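Below you'll find the structure, written out as structure tokens, and then a few comments.
Only the coordinates and a few stated rules stand behind these numbers; no lab work does. Since the structure is predicted, the reported quantities are computational estimates derived from the model, not experimental observations. Using ideal geometry, Cβ is built from the backbone for each residue, glycine included, and neighbour counts are taken over all protein chains shown.
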Amino acid sequence: MKTTEIKEQVVSGKYDALIEDLYADPSLLDYQKQRYAGALDKYQTLFGDDEVSIYSAAGRSEISGNHTDHQHGCVLAGSINLDAIGIVSKQDHVIKVISDDFDIKPIDLNDLDKKENEIGTSEALIRGVVSKLKELGYNVGGFKAFITSDVLMGAGLSSSAAFESIIGTIIDGLYNDMKIDMVTIAKVGQYAENVYFGKPCGLMDQCACAVGGLISIDFKDTSNPIVNSVNVDFSKYDHSLCIVDTKGSHADLTDAYGAVPQEMKEVAHYFGKEVLREVDEDEFYANIANLRTALNNDRAILRAIHFFNENRRVNTIVERLNKDDFEGFKTLIQESGNSSYKFLQNVYADFDYKNQAVSLGLAMSEMILKDHGVCRVHGGGFAGTIQAFVENSYVETYKEEIEKVFGKGSCHILKVRKLGGCKVID
């Protein structure tokens, strides 16, 4: 259908049920209809009234498995109802994308080699995704697209992984009949980010954005991680996922982030292993005194303790959800957060101890929530965001009170959505 026809149908309500199902929140219906209509108008302004289709890829939130993936551990993550959407039509030989206000340079499909001058750019991500899909034997082709995203940048919700995933999903839909497995789309996104973009990220972000719903990922074999969907209808528990931006700066935190895997690997190396997943837990505890002498770093030992407990906790959380034990789930989420705070120690940087916005956010959240929810540090930590699972009936109270501390608009009320990368309207 042409952009004008799809817009008329969106505005008239033809896709209301589809939109409500995708975004898992009826209160967002009007917002999403306006958003889709605006994106269609923007496409038409840029490219004309073409025959188009609409694609989506979700943002993500890590739920448990904090800093375990780089030690080949287990992670539980979920796609959220913030996403990137793309208005797309086919064209020959060239991919032309305008992403919100970014006019991305055209990608010629006859030249998919890595470009040193594109490192760190959107062009690198597109070129890398298409190159890898072609190498894997999938059909690739040109398209023009307007992509807009409401995935928050810098909030640990994986805006870059959502972009990679939507590019892969568009190629899947236009040229492969949506037959590419979404884990493959995720791996392709990771490849693009690692090799073409130049960022050594893991696979968790891309998997959660592309696969959708709640997923557990076991990274024991990082080349072939085991990805399982946790078939739970999260909406039935009457809780929302709140992400609170505590306004802490990520500037100058590279060393703080880098020290986490480095120190965990120091412990592993003591046992002649590369990562903690390869270390026998009983042997680790039997050698605590020796480790203290050898490493002269108690924090490394505490971080290893976090890894062993957190890695085991992921599977227990999945068991609780499979047994419909949401209260048990919340208890374990709180335990996971406490472990990150006490043992992993990623709530503030020790060299900047006066700035503890995440710590303050957790303290205030516990006071506000009482028995109406649980909270924990979100994502990499040290600055940025916290996560809270809050009873739907208490969400507005929590939002109002926590925003008194961190400002209007700092609390984002989200839902776990069923789908990751998908074709929305053909």
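Odds and ends about this structure:
- Too-long pairs where the Cα-Cα distance tops 32 Å, listed order kept, from Lys134/Lys323; Lys134/Lys247; Lys42/Lys115: Lys134/Lys323; Lys134/Lys247
- Rounded to the nearest 10 degrees, the angle from helix 298-322 to the longest Cα principal axis of the chain is 60 degrees.
- Taking a ≥ b ≥ c as the square roots of the Cα gyration tensor eigenvalues, the range 296-354 comes out oblate, since a/c reaches at least 1.5 and a/b does not exceed b/c.
- Over 20 Å apart at the Cα level, from the set Lys105/Lys179; Lys132/Lys220; Lys370/Lys404; Lys90/Lys179; Lys96/Lys415, are Lys105/Lys179; Lys132/Lys220; Lys96/Lys415.
- Calculated [θ] (222 nm, deg cm²/dmol) that DSSP helices of n ≥ 4 give over the chain, each run adding -39,500 (n - 2.57): -13500 deg cm²/dmol
- Result for the chain in a Gaussian network model with C-alpha springs under 10 Å: among Asp83, Asp172, Asp21, the largest mean-square fluctuation is at Asp21.
- Cβ crowding within 10 Å averaged over residues, with 132-143, 233-244 ranked highest first: 233-244, 132-143
- DSSP-defined antiparallel bridges as percent of all bridges, the chain, nearest 5: 90
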